[in-house]
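The values are calculated or read from the model by the stated rules, or taken from the named source; none is laboratory data. For clarity, every value in this text was computed on a predicted model and none was experimentally measured. Reconstructed Cβ throughout: ideal geometry from the backbone, glycine too, with neighbour counts over all protein chains shown.
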């Protein structure tokens, strides 16, 4: 079955369940249905090219893998736009969609705990920055390798330009986070960016007020999040108070005037304390705990991914990069995906199910590249015990990374590609191979119930 046929089959199965909306991410076709509870999940899993199916709150996620998902989503949207019956009354269709959306809103409100909403907002703030982190991190990592081979190349103008390119995202990081935070809070993105600039402006270093020496950039990402959350809250409140005829120019002015001093004298210092303690806690835990700490962190990461709690780690990675230039947490967490690869290889060799073999063969290449969702939802999690084996593999690999204190200069990467942006490539690869082998051995010994051929 080609990808167009896959899209058509997904559409055929789900059309009776009132498809409200369709979009996609790097690996998944994400759908909102009017009748989500009765959706034919088992039939969806049997469609060729579908690696797994996952329900996340009110969203049906069909895992297809990178590359494939774009073509399937494009074809699916075409079918969705042109698939409404010609004799369907438009007003009736709007009413059906409206009723379905009301049901979804009720479910969202029921499931929307403050903590889940916070994690969702954090994810939305940092996810758009991931491509920039990947690109700049790889450039920096490859340059570091080249400089170790020939230190004299740093004198070449072309290399100096590439060094600027590799560091660019970090120079603008506070502004980017400020813009995205304000947008996520429902406020003006450019006001958020402006507040981020105010607390990172280099001229702050020349100012002392009320016997307080100001420090540009103190608190890094954490301070930006706190300051812009406050300024966004203030802006929203002012929009309700300021007369509409004055709102366009008076509200932004008041936001900057009112928010600047609390930002500099209260929120930024507080953010600095939080950020510094995060950095100290992470580095000391890994340095003091060594392999044992890495074993625990690497072993529990996959369950964190399953619950969505991993989204809260992104600002920690960003702050570690901001403070130290590397994050020693990411290489440990990346081992979870490597454990998945090893466990899935064992399943591939032991299973007699042709469909499962095909799923693993399709998902393994992207698994080696650090994208683990197809293996999680298509292989290890449905089988149960291989998921535990994958956690064991991640724990063993994490122990190696922590023992050698491997750092990464970027976030967003995992698997083999992350090696280029680490400061100890040989030790990172050693940990990666350890996770592969440990995951494989654990899955081989623990075993699994081989699904019957259908």
Q) Just for region 19-58: of the residues that are more than 18 Å from residue 2 (Cα to Cα) and part of a helix (DSSP H, G or I), which one is farthest from the chain's Cα centre (by Cα)? A) 42
Q: Kindly indicate which of 238, 214, 234 is farther than 21 Å from residue 321 by Cβ, surrounded by fewer than 21 Cβ atoms within 10 Å (Cβ to Cβ) and touching a strand residue (DSSP E or B) at 6+ places or on another chain (Cβ under 8 Å).
A: 214
Q) Which residue pairs have Cβ atoms under 7 Å apart, sit 6 or more places apart or on different chains, and have a first residue in region 280-292 that is closer than 18 Å to residue 408 by Cβ and a second that is at pLDDT below 90 and assigned to a helix (DSSP H, G or I)? A) 282/316; 282/320
**Q.** Selection count where residues are in a helix (DSSP H, G or I) and within 31 Å of the chain's Cα centre (by Cα), scope region 203-226
**A.** 7
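Taking residue 289, is it modelled with pLDDT under 90, within 27 Å of residue 180 (Cβ to Cβ) and surrounded by fewer than 20 Cβ atoms within 10 Å (Cβ to Cβ)? Step through it out loud before you land on a result.
Working: modelled with pLDDT under 90: yes; within 27 Å of residue 180 (Cβ to Cβ): no; surrounded by fewer than 20 Cβ atoms within 10 Å (Cβ to Cβ): yes.
Criteria not met by residue 289.
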Q: Report whether or not residue 181 is within 29 Å of the chain's Cα centre (by Cα), modelled with pLDDT under 80 and under 30 Å from residue 59 (Cα atoms).
A: no
**Q.** Selection within region 387-407 - surrounded by fewer than 24 Cβ atoms within 10 Å (Cβ to Cβ) and free of Cβ contacts under 8 Å to residues at least 60 places away in the same chain
**A.** 388, 404
Q | Every residue from region 414-444 that is under 21 Å from the mean Cα position of the chain (by Cα) and not in a helix (DSSP H, G or I) | A | 414, 415, 422
Q | Breaking point among (1) out of contact with any helix residue (DSSP H, G or I) (no Cβ under 8 Å at 6 or more places or on another chain); (2) farther than 30 Å from residue 296 by Cα; (3) surrounded by 12 or more Cβ atoms within 10 Å (Cβ to Cβ), for residue 257 | A | (3)
Q. Looking at this structure, is residue 229 surrounded by 14 or more Cβ atoms within 10 Å (Cβ to Cβ), in contact with a helix residue (DSSP H, G or I) (Cβ under 9 Å, 6 or more places away or on another chain) and part of a loop (DSSP other than H, G, I, E, B)?
A. no
**Q.** Criterion: surrounded by 19 or more Cβ atoms within 10 Å (Cβ to Cβ) and outside any helix (DSSP H, G or I) - qualifying residue of 182, 196, 187
**A.** 187
(Q) Taking the condition of being at pLDDT below 75, farther than 16 Å from residue 15 by Cα and in a helix (DSSP H, G or I), how many residues in region 59-93 meet it? (A) 3
Q.
Please determine whether any residue of region 263-276 is touching a residue at least 40 places away in the same chain (Cβ under 8 Å) and at positive phi.
A. no
Q.
For region 365-386, give me each residue that is surrounded by 24 or more Cβ atoms within 10 Å (Cβ to Cβ) and farther than 12 Å from residue 54 by Cα.
A. 367, 372, 375, 379, 380, 386
